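Let me begin by presenting the structure, written as structure tokens, before commenting on it.
The values are calculated or read from the model by the stated rules, or taken from the named source; none is laboratory data. Computed from a prediction, not measured in an experiment: that's the story for all the values here. Don't worry about glycine lacking a Cβ; one is built from the backbone with ideal geometry, like all the others, and counts go over all protein chains shown. We work out accessible area using only protein heavy atoms, side chains counted, and drop any ligands, DNA or RNA first. Shrake-Rupley method; radii C 1.70, N 1.55, O 1.52, S 1.80 Å.
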Amino acid sequence: MTNNESPTSKAHAASLDTNDPLSALRSNFYIPTLADLKRPTLAKSPNEESSRQSTYLCGNSLGLQPTRTADIIQAFLTQWRTKAVTGHFVDHSDSPLPPFLHVDDNAAKLMAPIVGALESEVAVMGTLTGNIHVLLSSFYRPAKKGEGRYKILLEGKAFPSDHYAIESQIIHHGHDPADAMLLLEPTDDKIPLLTTDQILKTIDQHSSELALILLPGIQFYTGQYFDIPTITAHAHSHGILVGFDLAHAAGNVDLQLHEWDVDFAAWCTYKYLNSGPGAIAGLFVHERFGKVDMQSSTQKFWPRLSGWWGDDKSTRFQMTNRFVPRPGAAGYQLSNPSALDLAAVVASLQVFNETSMSALRQRSLRLTNYLETLLDGIEGRNPGKFTLISPRDPERRGAQLSIRLAPGLLESVLEHLENEGVVIDERKPDVIRVAPAPLYNTFVDIWNFCQVFEASLASQP
């Protein structure tokens with residue numbers, strides 16, 4: 001920073017980008033322009049070539065498209081077009097993808113370091129809610145009421161899919177959700193966070209009736225990063241299984257699922273993992289639940305829903321109808337996964353594997369700390385118009401700061417941001433979520449957002 005360069009200036013933000021070793025990763029992504037966002041057609045007109053890039057801070061809802069995605073999908077289409085069914089088995093020296101039969105294993109290999117897992121503990125399959133059901137069917141094995149553990153602990157503000165899945169699983173086992181769902185609620189509505197101490201005390205209080213715990217890695221509304229290793233260890237000390245919904249954590253923070261001894265987890269790939277709307281998802285099953293011993297006289301493998309893609313690959317096509325699961329998370333797979341979907345996932349995972357989640361997490365901390373600093377300055381100049389509801393401790397939040405606006409401001413602020421090509425998302429009635437994704441967002445993006453955001457506040461009475 002030069003002597004006459006203000007820490008709140010655009011020049012300072014640009015210098016932070018210049019000196020950031022990971023800033024070049026942005027070139028791996030398409031950034032929509034203002035014209036892209038506003039035009040009613042997909043086709044561009046000649047006068048749009050000079051349109052400036054938008055300020056996209058919405059990777060917590062939908063990640064941007066990697067520049068290599070189209071090429072890898074095209075390679076899949078060529079493989080399918082030219083080889084048809086033999087594409088399941090034929091290697092191509094010039095293809096970025098393995099044969100269709102192995103493309104899911106290739107994706108799992110690329111995914112494992114992103115969530116801190118052994119390769120054998122990860123399967124790229126299904127959809128997030130579908131995978132939560134698959135996992136709950138395996139790990140939620142409740143006793144009858146009054147005869148043992150039957151309750152599930154979750155947060156009261158859980159993402160609706162989690163709430164619905166748990167509620168339906170409880171009903172499926174003959175219990176009443178009003179009784180069997182134990183909900184964690186924030187003690188302060190103004191700052192709706194759940195402290196680790198509150199979670200641990202709730203586990204202690206209900207340990208004799210808790211069959212399972214399912215919590216988010218990062219809370220979608222506030223961006224709070226839960227203390228996964230501490231919660232997991234405490235649950236295990238009471239003999240309780242614990243899993244995590246990592247929809248907002250995978251590709252966002254430096255997870256270490258194997259080391260933290262997490263029992264199971266599920267996540268989507270269209271947010272921070274940039275694989276496209278509704279893309280094929282992922283799950284983690286700790287290696288102790290993936291063991292297979294067909295000679296055992298008791299339990300040959302951990303109970304699960306079974307499907308033919310989870311069957312032993314060496315005998316899968318013999319159609320014996322004798323299920324022998326593949327070891328590890330692969331044995332939890334059900335149907336033949338979409339190779340087209342997997343091509344899009346692989347395109348994004350390749351970018352991640354050019355760096356590390358540890359390095360991305362450090363960049364994310366720098367970006368969100370800078371955003372927090374600028375927002376604090378704006379709040380001081382606009383008292384009473386907004387507050388931050390995300391944790392102030394950088395280690396306890398992901399790549400997202402949630403801003404609660406004063407009543408009546410949401411629609412006008414959103415309109416102003418949209419008109420200026422700033423893309424964020426909202427949670428009605430009064431919260432906007434700003435998510436600097438460490439793979440492609442910049443300090444200048446954050447500076448641009450703050451300029452437009454403050455202008456939107458200044459226009460309010």
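Computed quantities for the displayed model
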{"quantity": "Mean-position separation - Cα centroids, segment 135-199 and segment 339-356, in angstrom", "calculated": "33 Å"}
{"quantity": "Distant-in-sequence amide H partners of Glu155 (H built 1.01 Å from N, under 5 Å)", "calculated": "Leu184"}
{"quantity": "Between helix 410-419 and the chain: long-axis angle, C-alpha atoms, 0 to 90°, nearest 10", "calculated": "80 degrees"}
{"quantity": "Apportionment of accessible area to carbon and sulfur, the chain, percent (1.4 Å)", "calculated": "54 percent"}
{"quantity": "Lys, Arg +1 and Asp, Glu -1 on Cβ, resulting dipole of segment 84-353 about Cα centre, debye, nearest 20", "calculated": "680 debye"}
{"quantity": "Estimated vicinal HN-Hα couplings, Hz - segment 275-282 in sequence order (Karplus 6.51, -1.76, 1.60; Gly, Pro = x)", "calculated": "10, x, x, x, 4, 4, 9, x"}
{"quantity": "³J(HN,Hα), Karplus 6.51/-1.76/1.60, whole Hz, each residue of segment 220-230, x for Gly, Pro", "calculated": "5, 7, 9, x, 5, 9, 6, 7, 4, x, 5"}
{"quantity": "Cα-based helix-to-principal-axis angle, 443-458 vs the chain, degrees rounded to 10", "calculated": "60 degrees"}
{"quantity": "Whole-Hz ³J(HN,Hα) from phi, Karplus 6.51 cos²θ - 1.76 cosθ + 1.60, for segment 37-48, glycine and proline x", "calculated": "5, 9, 6, x, 10, 7, 6, 8, 9, x, 7, 8"}
{"quantity": "Separation of alpha-carbon centers, segment 411-461 and segment 238-267, rounded to whole Å", "calculated": "30 Å"}
{"quantity": "Magnitude of the charge dipole, the chain, Cβ model with Lys/Arg +1 and Asp/Glu -1, debye to 20", "calculated": "760 debye"}
{"quantity": "Amide hydrogen neighbours beyond the local backbone of Arg427, cut-off 5 Å, H modeled", "calculated": "Ile432, Arg433"}
{"quantity": "Segments 271-277, 68-74, 17-23 sorted - mean Cβ within 10 Å per residue, highest first", "calculated": "271-277, 68-74, 17-23"}
{"quantity": "Cα coordinate range in segment 90-210, projected on the principal axes (Å, largest first)", "calculated": "59, 36, 23"}
{"quantity": "Signed unit charges on C-beta, dipole axis of the chain, positive-most listed residue Val422, Ala75, Ala247", "calculated": "Ala75"}
{"quantity": "Count of Lys pairs (Cα-Cα under 21 Å; at least 8 positions apart or interchain) in segment 84-353", "calculated": "10"}
{"quantity": "Binned Cα-Cα distance frequencies in the chain - 10 Å width, integer %", "calculated": "4, 19, 28, 25, 16, 7, 1, 0"}
{"quantity": "Span per principal axis, largest first, for the Cα atoms of segment 84-353 (Å)", "calculated": "58, 46, 29"}
{"quantity": "Inter-centroid distance (Cα atoms) of segment 29-95 relative to segment 284-334, Å", "calculated": "36 Å"}
{"quantity": "Heavy-atom accessible area per residue - the chain, 1.4 Å, Å²", "calculated": "43 Å²"}
